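Novice: Provided herewith is a single structure, encoded as structure tokens, for subsequent inquiry.
The values are calculated or read from the model by the stated rules, or taken from the named source; none is laboratory data. In this text, all values refer to a predicted model and were calculated from it rather than measured experimentally. For neighbour counting, all protein chains shown are included, and Cβ atoms are generated from backbone atoms with ideal geometry for every residue, glycine included.
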Amino acid sequence: MTAAEQGGAAPDDALAVVAEGVQKRFGRTWALQGVDLAVQTGTVCALLGPNGAGKTTMVRILTTLLRPDGGRATVAGCDVVRDAERLRYRIGWAGQQATVDELLTGRANLEMVGRLYHLAQRAAARRADELLERFGLTSAGGRLAKTYSGGMRRRLDLAASLVAAPPVLFLDEPTTGLDPASRLSLWEAIEGLVHGGTTVLLTTQYLEEADRLADRIVVLDLGRVIAAGTAGELKRLVGGERIDLVVGDPNRLPDAAAALRRATGAEAEVSPGQRRATVAVTTGVAALAAVVRELDAAGIGVEELDLRRPTLDEVFLRLTGSGTTQDRQPAPTAGAAPSERGAGR
């Protein structure tokens with residue numbers, strides 16, 4: 001799959017991130033095995049994959065924190081190797097853990113970052129105030145960061161990554177460990193950034209997060225791209241719609257699965273612990289009506305009966321299977337120079 005295919009048809013000047021054949025190896029372990037990637041300007045691209053798939057390694061290469069062993073990549077028009085120093089002034093990055101200085105106030109944290117970017121003192125202070133307001137932290141700006149909640153720290157960390165107004169922002173699992181309310185708040189902040197023209201590439205373990213935020217999703221496994229597309233396109237990879245039912249009596253679950261088979265002609269997936277049976281269908285409402293008739297004829301009572309589209313969770317499991325990436329580590333691929341630095345994710 002080429003980089004152009006990863007990002008869809010777009011001229012080069014419409015692409016904020018381009019990677020072609022990127023490789024990375026840590027000792028005998030391959031983290032990336034020829035990854036192609038293209039992210040259109042002003043969009044959100046989500047990298048999904050099991051632990052060890054290469055997501056964080058890819059982000060670290062694109063943010064100049066690691067050198068690739070093969071292939072090439074550009075971000076905001078800068079080569080990640082040749083133009084690394086210039087590129088660092090054009091990107092923002094927020095890692096899995098908030099990296100704020102707990103002994104400084106929220107405002108002082110942002111002002112310090114501004115000074116590191118060589119902003120004048122007055123300009124750094126003005127930018128700090130703008131970002132505190134944008135992320136709902138104005139009233140807490142004078143408090144020490146160590147008094148902030150986890151959600152507030154993540155928002156402050158995201159604000160710090162935006163001090164230099166970078167055109168491209170990298171977020172590595174930005175909402176890990178946050179409660180639902182804090183996660184929603186951060187999602188809204190990210191959506192606001194993209195609405196303003198920022199390009200975002202994020203890694204996430206939350207399928208709901210990718211479904212909510214991403215214009216395009218790229219699935220990595222074993223250091224390779226195994227699928228790419230919009231959430232809707234990926235869901236169509238595992239079929240059209242699903243009929244889900246939950247029986248009231250767990251002893252009737254086999255009978256319900258048989259009713260689904262008679263109504264649809266397809267074998268149902270059964271989850272005894274959840275008293276649930278699921279079957280893929282192509283005729284939608286007509287199939288649902290046939291299922292209702294079969295259930296009524298068999299006298300099977302159900303607590304839930306739904307017709308729905310596949311979820312990203314189902315797509316993810318279908319594409320990546322079970323087991324960890326380390327369990328399924330492939331044989332080395334020729335062509336990439338080894339690196340002895342510590343393994344990434």
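Novice: Going through the range 180-222 one residue at a time, which ones are charged (D, E, K, R) and in contact with a helix residue (DSSP H, G or I) (Cβ under 8 Å, 6 or more places away or on another chain)? Please lay out each step first, then the result.
Specialist: Step one: filter the range 180-222 for residues charged (D, E, K, R), giving 183, 188, 191, 208-209, 211-212, 215-216, 221.
Listed by number, the residues that qualify are 183, 191, 208, 209, 211, 212, 216, 221.
Novice: Restricting the first residue to the range 66-94 and requiring it to be of a type in the set (S, T, N, Q), which pairs with a second residue that is part of a strand (DSSP E or B) meet a Cβ separation below 6 Å and a spacing of at least six or different chains?
Specialist: Once the first residue is of a type in the set (S, T, N, Q) and sits in the range 66-94, its partners that are part of a strand (DSSP E or B) give 74/18.
Novice: While we're on this one: Out of the residues in the range 95-132 meeting the condition of being among the acidic types (Asp, Glu) and in contact (Cβ under 8 Å) with a residue 12 or more places away in the chain, tell me which one is surrounded by the fewest Cβ atoms within 10 Å (Cβ to Cβ).
Specialist: The initial filter retains those residues of the range 95-132 that are among the acidic types (Asp, Glu), namely 101-102, 111, 129-130.
Next, only the ones that are in contact (Cβ under 8 Å) with a residue 12 or more places away in the chain stay: 101-102, 111, 129.
Working: 101: 14, 102: 12, 111: 22, 129: 15.
The selected residue is 102.
Novice: Select, from 217, 226, the only residue that is surrounded by fewer than 19 Cβ atoms within 10 Å (Cβ to Cβ), modelled with pLDDT of 90 or more and part of a strand (DSSP E or B). Spell out how you get there, then give the answer.
Specialist: Values: 217 fails: surrounded by fewer than 19 Cβ atoms within 10 Å (Cβ to Cβ).
Selected residue: 226, the only one of 217, 226 that is surrounded by fewer than 19 Cβ atoms within 10 Å (Cβ to Cβ), modelled with pLDDT of 90 or more and part of a strand (DSSP E or B).
Novice: Could you please find all residues in the range 196-214 being in a loop (DSSP other than H, G, I, E, B) and among the small types (Gly, Ala, Ser)?
Specialist: Our first condition is that a residue be in a loop (DSSP other than H, G, I, E, B); within the range 196-214, this holds for 196-198, 204-206, 214.
Those that are in a loop (DSSP other than H, G, I, E, B) and among the small types (Gly, Ala, Ser): 196, 197, 214.
Residue by residue, here is whether (1) in contact with a Leu (Cβ under 8 Å, 6 or more places away or on another chain); (2) aromatic (Phe, Trp, Tyr); (3) at pLDDT 95 or above holds:
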{"position": "4", "(1), (2), (3)": "no, no, no"}
{"position": "14", "(1), (2), (3)": "no, no, no"}
{"position": "22", "(1), (2), (3)": "yes, no, yes"}
{"position": "54", "(1), (2), (3)": "yes, no, no"}
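Novice: Can you tell me which residues in the range 188-209 are closer than 19 Å to residue 19 by Cβ and among the aliphatic types (A, V, I, L, M)?
Specialist: Those that are closer than 19 Å to residue 19 by Cβ and among the aliphatic types (A, V, I, L, M): 200, 201, 202.
Novice: Give the residues of the range 65-111 that are assigned to a strand (DSSP E or B), at pLDDT 95 or above and closer than 18 Å to residue 151 by Cβ, sorted by residue number. Give the steps one after another, and end with the answer.
Specialist: First pass over the range 65-111, keeping only residues assigned to a strand (DSSP E or B): 70-75, 78-79, 91-94, 105.
From what's left, at pLDDT 95 or above: 70-75, 78-79, 105.
Selection gives 105 alone.
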